[in-house]
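One structure coming up, written as C-alpha cells, with questions to follow.
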Amino acid sequence: MALTTTIQPRSLVRAFGGPRYAVALAVDALGTGLLRPFLLLYGVMVLHLSAPVTGTAMTVGVAMGLGCMPVVGRWLDRGARSTAVAASMLVRVLGVALLLAAPAGCVWLFAAAALFLGMGNQAWPAAHAALVATLAHGRERDAALAAGRSLRNAGLGLGALLAAACLTGGTAALQALAAVTGLSCLAAAVLAWSVQVHADPATAPARSAEGEPAPRMRTLLAANVVYVFCLNVPEIALPLILVSQLHASPVWSAAVFVANTVLVVTLQVPVTVLMSRIPCRTALALAGVVLTVSYLGFLVAALLGSGWAAPAVAAVSVVCTLGEIIYAGSATALVTALAPAHALGRALARFQLSTGFGLAVSPAVITGLAPQGPAVLWGTLAAATLLSASAVAR
C-alpha cells in the first residue's frame, strides 16, 4: 500500500502493529511518564538519599543499561519482534518492583532499579523500530515510526502532567505513582506480546545473523551522538540559560517544554510524511542544518536585552523543535533502510547505543559549556552539528 502525503490514521495503526499494539504503546508511555521524570525525587524523598548520590546511581544505572543492547540486537536478528518489545516492558516492571522494595537509605537497590529501568528504556526503541520495519516499508514505515513517536510523546507528557498534579501527596503519592507505573508496564507487555509479530525466518535466518557482520555505519553513529544533543536542549540547556543566565521567570522554561511536546505530538507525522519525498540521508543532513540555525539563533537571542531575550529564545526553540522532528523522522528510518534484513537488529542496537551515549554525555557537556558564556555553548553545538550534517551528507 503506497502512502501519499495524506495522513491515514488507520493505515498508520496497521503499519505499527494494529490497535492492540497501539494501546500497548499508549499504556506503556502513560505509565512511564508517571515515574521517569520524578525518579530523582523518588530517591531523595522516599529513600532519603542525597541528590548527588541519587543522580550518580541513576547515571550508572542508565550507562550499564546500554550494555544490554548487543544482546537485544542479536535477539532481534533471530526474528524476535513483539516478544522483544514485551520483554523491554517487563524489565521495567522488575525495576519498579525493586524500587518499591528498597528500604530508606538503600542506594544499591535504587541503583539496581535504575539499571533495569534503563535497560527497558534502551531496549524498547530498537525492538519497536524492528517490529515496525517488519510490518511496513518505505514511506509507510517512516510514517508509522513517526506516529509511534507522537503517540509515545503524548503519553509521556500526559503521564508527567498527572504525576505533577499528584505530587502534593508527598512520599505516599510517589510510591503510588511507581506502583501504577509497574502495573501499566505489565499490562502493556501483555498487550504487546499478544500481537505475536515475528520476523520471517526466510529474511532473518539464524545462521546469517550469527555469521554475517552488521553494517558499521561509523559516520552515522558518530553524527548521531551530536544530533542527540537536540533532545536535551529544551530540558537542560534552555532552562539553564533562561533561569540562571538571563534571570527570566521559570514560566518561560515551562512554556518552551510544553510547546516542544505539543509540536512533536502534532507535527511528527505530517513533517515525516512530507520529508519522505527526499532520501532519508538528505533529510537527516537537513535536520542538522536546521538545528545549527537554531543554535545560532539561541546565541543571537541570548545577546539581546533582558526584555527581549526570553521571548526570542522561546521563538527560536520552535526552529530547534522542527530540527528535532526532522531528525527523529529520518535517523531511525535511515538505519532501517541501510541495514540488510539479517542484521537489522544489530544495526538498530548500535544506533540506540549511540543515542544512549549522546543522551548520557549531553547534560555534562551542556552544563560544562554554559558557564563559559553563550558564544561557547551555542557556537560549539552549532559547529559540531554542522560538521555532523556535512559528514552525513557525504
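The values are calculated or read from the model by the stated rules, or taken from the named source; none is laboratory data. In this text the structure is predicted, and so the values were computed from the model without any measurement. Cβ: placed from backbone, ideal geometry, glycine included. Neighbour counts: every protein chain shown. Heads up: the accessible areas ignore ligands, DNA and RNA and are worked out on the full protein's heavy atoms, side chains in. Shrake-Rupley method; radii C 1.70, N 1.55, O 1.52, S 1.80 Å.
So if I check each of LEU30, LEU47, LEU25, which one is at pLDDT 90 or above, touching a helix residue (DSSP H, G or I) at 6+ places or on another chain (Cβ under 9 Å), farther than 27 Å from VAL197 by Cβ and among the aliphatic types (A, V, I, L, M)?
After applying the criteria, what remains is LEU47.
Could you tell me how many of the residues in the range 102-120 are part of a helix (DSSP H, G or I) and in contact with a helix residue (DSSP H, G or I) (Cβ under 7 Å, 6 or more places away or on another chain)?
13
Let me ask you something else. Do you know which residues across the range 10-55 are among the small types (Gly, Ala, Ser), in contact with a Phe, Trp or Tyr (Cβ under 9 Å, 6 or more places away or on another chain) and open to solvent by 10 Å² or more (accessible area, probe 1.4 Å)?
ALA22, the sole residue that qualifies.
Kindly list, by first and then second residue, each pair from a residue in the range 30-51 that is farther than 16 Å from ALA173 by Cβ and without any contact (Cβ under 8 Å) to a residue 60 or more places away in the chain to a residue that is among the aliphatic types (A, V, I, L, M) and in a helix (DSSP H, G or I), limited to pairs with Cβ atoms under 8 Å and residues at least 6 apart or on different chains.
Note: pairs meeting the criteria are SER50/VAL44; ALA51/LEU40; ALA51/VAL44.
Residues of the range 268-325 being closer than 18 Å to GLN245 by Cβ, more than 22 Å from the chain's Cα centre (by Cα) and not aliphatic (A, V, I, L, M), which ones?
Passing the criteria: GLY297, PHE298, GLY305, SER306, GLY307, TRP308, PRO311.
Can you confirm whether the range 26-40 contains a residue that is aromatic (Phe, Trp, Tyr), in a helix (DSSP H, G or I) and under 22 Å from the mean Cα position of the chain (by Cα)?
Yes, that holds for at least one residue.
To continue, here is another question. Among what's in the range 264-310 and is modelled with pLDDT of 90 or more and aromatic (Phe, Trp, Tyr), pick the residue that is surrounded by the fewest Cβ atoms within 10 Å (Cβ to Cβ).
Per the criteria, the residue is PHE298.
Filter the range 242-256 down to residues that are buried (at least 17 other Cβ atoms within 10 Å of the Cβ) and assigned to a helix (DSSP H, G or I), then give me how many there are.
4
Determine whether the range 88-105 contains at least one residue that is closer than 30 Å to THR266 by Cβ and polar (S, T, N, Q).
Looking for residues that are closer than 30 Å to THR266 by Cβ and polar (S, T, N, Q), one finds at least one in the range 88-105, hence yes.
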